[in-house]
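The values are calculated or read from the model by the stated rules, or taken from the named source; none is laboratory data. In this text, all values refer to a predicted model and were calculated from it rather than measured experimentally. Glycine gets a Cβ as well: all are built from the backbone with ideal geometry, and neighbour counts include every protein chain shown.
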Amino acid sequence: MKCGIVVFPGSNCDHDCYHILKHILNQETHWLWHKDEANLESFDLVVLPGGFSYGDYLRPGAIASFSPIMNSVITFAKAGGKVLGICNGFQILLESGLLPGTLIQNQSRKFICKNVTVRIENIDTPFTRNCGENQVLEIPIAHHEGSYYIDPFSLNQLEDNGQILFRYCDTKGKVSAESNPNGSVGSVAGVTNEQRNVMGMMPHPERCADPQLTGTDGQIIFQSLIQNS
Amino acid sequence: MLAQIHVTFKEGVLDPQGKTVHHALNDLGYDEVLDVNIGKYLEIKLDSVSEEEAEIRVREMCERLLANTVIESFRFNIVPTE
């Protein structure tokens, strides 16, 4: 699988994503610079990594969504190319209109950095194909603006279309207010577009995909993409 | 010319910051405070544009970049500067 990792000024999970894809999973991986427009036709996956692009000025992801590389990413996504946005990458996908909804400040107003458990809500996507039905993954979150918001009507539509891929849950897979770390509507932790080729998630799968570190639950997301590319 | 722009959360969107300030004001004895909505205020200096054009272009700026219309609404005034 040929992968591209976009580097924005302020990205700080780009090297983690590169490390997992290139060194742990042995995939051909390239850097994509935010100032360049690029022909991405030959790529199988483009990753928008986490971080603080443009210092989170105005709103997280707002300025980055107008970078030259995003024109290329939008063209790539519209042609069916697979795009994965993690944390700040998710915020950029929402700001660019590739995914529905938005992310607002955590209900607690605190930056939350901890391991959480999420339940897989739909395994019929290229990002979750290797997962079991309702499988629970332990993946870390690290964010201040991670509370997913969309109006109730659109949230129902997302549910009906199977566009919600992850929900925050307890270790047994139960979704409740207590297991929702940030106040996201519907406990939503990750969504996909209608075509299911663009996915954004707040948890960081690249932070739990190297066997030398504790936990490898995040690998299944990348493995799903690799085996189905 | 100067565009004075206010961006605030739409009704129904959770505003944790506003909620906290609301509680703090009540704690200080301002029981009349019913709700607090914290937003952004932007001032944009404009040149070489008529007032009519400015209205159109500032609205476009708000819709494209300055406000996230999923959760935020905006309003603005165009005022003359010396």
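Among B:75, B:59, which is the only one that is of a type in the set (Lys, Arg), part of a helix (DSSP H, G or I) and modelled with pLDDT of 95 or more? Show your work before the answer.
Numbers: B:75 fails: part of a helix (DSSP H, G or I).
Among B:75, B:59, only B:59 is of a type in the set (Lys, Arg), part of a helix (DSSP H, G or I) and modelled with pLDDT of 95 or more.
Residues of region A:11-40 being charged (D, E, K, R) and either assigned to a helix (DSSP H, G or I) or touching a residue at least 40 places away in the same chain (Cβ under 8 Å) (or both), which ones?
In the first step, residues of region A:11-40 are kept if they are charged (D, E, K, R); the result is A:14, A:16, A:22, A:28, A:35-37.
Selection gives A:14, A:16, A:22.
Given the criterion in contact with a Leu (Cβ under 9 Å, 6 or more places away or on another chain) and modelled with pLDDT under 95, identify the matching residue among A:94, A:32, A:48, A:58. Break it down stepwise before answering.
Details: A:94 fails: modelled with pLDDT under 95; A:32 fails: modelled with pLDDT under 95; A:48 fails: modelled with pLDDT under 95.
None of the others qualify; the one that does is A:58.
Which ranges mark the strands (runs of 3 or more DSSP E) fully within region A:54-144 that have 3 or more residues being crowded, with 17+ Cβ neighbours inside 10 Å and more than 14 Å from chain B (Cβ to nearest Cβ)? Let's see the steps before the verdict.
Values: elements: A:82-86, A:102-104, A:112-120, A:136-143.
By residue number, A:82-86, A:112-120, A:136-143.
Does residue A:215 meet the test of being modelled with pLDDT under 95, over 21 Å from residue A:45 (Cβ atoms) and touching a strand residue (DSSP E or B) at 6+ places or on another chain (Cβ under 9 Å)? Steps first, answer last, please.
Working: modelled with pLDDT under 95: yes; over 21 Å from residue A:45 (Cβ atoms): yes; touching a strand residue (DSSP E or B) at 6+ places or on another chain (Cβ under 9 Å): yes.
Yes; evaluated as a whole, the condition is true for this residue.
Identify, from the list A:173, A:162, A:186, the residue that is part of a loop (DSSP other than H, G, I, E, B), closer than 27 Å to residue A:74 by Cβ and of a type outside the set (A, V, I, L, M, F, W, C).
Working: A:173 fails: closer than 27 Å to residue A:74 by Cβ; A:186 fails: part of a loop (DSSP other than H, G, I, E, B).
Answer to the selection: A:162.
Quick one: which residue in B:13, B:79, B:49, B:58 is of a type outside the set (S, T, N, Q), closer than 20 Å to residue A:146 by Cα and touching a residue at least 40 places away in the same chain (Cβ under 8 Å)?
Details: B:79 fails: closer than 20 Å to residue A:146 by Cα; B:49 fails: closer than 20 Å to residue A:146 by Cα; B:58 fails: closer than 20 Å to residue A:146 by Cα.
Only one candidate passes the filter, namely B:13.
Out of (1) out of contact with any helix residue (DSSP H, G or I) (no Cβ under 7 Å at 6 or more places or on another chain); (2) closer than 26 Å to residue B:64 by Cβ, the odd one out for residue A:23 is which?
Result: residue A:23 passes all but (2).
State whether one or more residues within region A:48-63 are in contact with a strand residue (DSSP E or B) (Cβ under 8 Å, 6 or more places away or on another chain) and among the basic types (Lys, Arg).
No.
Of the conditions (1) in contact with a Pro (Cβ under 7 Å, 6 or more places away or on another chain); (2) over 21 Å from residue A:158 (Cα atoms); (3) touching a residue at least 40 places away in the same chain (Cβ under 8 Å); (4) not aromatic (Phe, Trp, Tyr), residue A:109 fails just one. Which one is it?
Result: residue A:109 fails condition (3) only.
Of the residues that sit in region B:29-55 and are surrounded by 11 or more Cβ atoms within 10 Å (Cβ to Cβ) and assigned to a helix (DSSP H, G or I), which one is farthest from the other protein chains (Cβ to nearest Cβ)?
B:51
Output the residues belonging to region B:2-28 that are surrounded by fewer than 17 Cβ atoms within 10 Å (Cβ to Cβ), touching a Lys or Arg at 6+ places or on another chain (Cβ under 8 Å) and more than 10 Å from chain A (Cβ to nearest Cβ).
B:2, B:6, listed by residue number.
Just a yes or no: is a residue in region A:173-183 touching a Pro at 6+ places or on another chain (Cβ under 6 Å) and surrounded by 22 or more Cβ atoms within 10 Å (Cβ to Cβ)? Give the derivation first.
Step one: filter region A:173-183 for residues touching a Pro at 6+ places or on another chain (Cβ under 6 Å), giving none.
No, because not a single residue in region A:173-183 is touching a Pro at 6+ places or on another chain (Cβ under 6 Å) and surrounded by 22 or more Cβ atoms within 10 Å (Cβ to Cβ).
Looking at this structure, is residue A:212 in a loop (DSSP other than H, G, I, E, B) and under 18 Å from the mean Cα position of the chain (by Cα)? Spell out how you get there, then give the answer.
Working: in a loop (DSSP other than H, G, I, E, B): yes; under 18 Å from the mean Cα position of the chain (by Cα): no.
In short, no.
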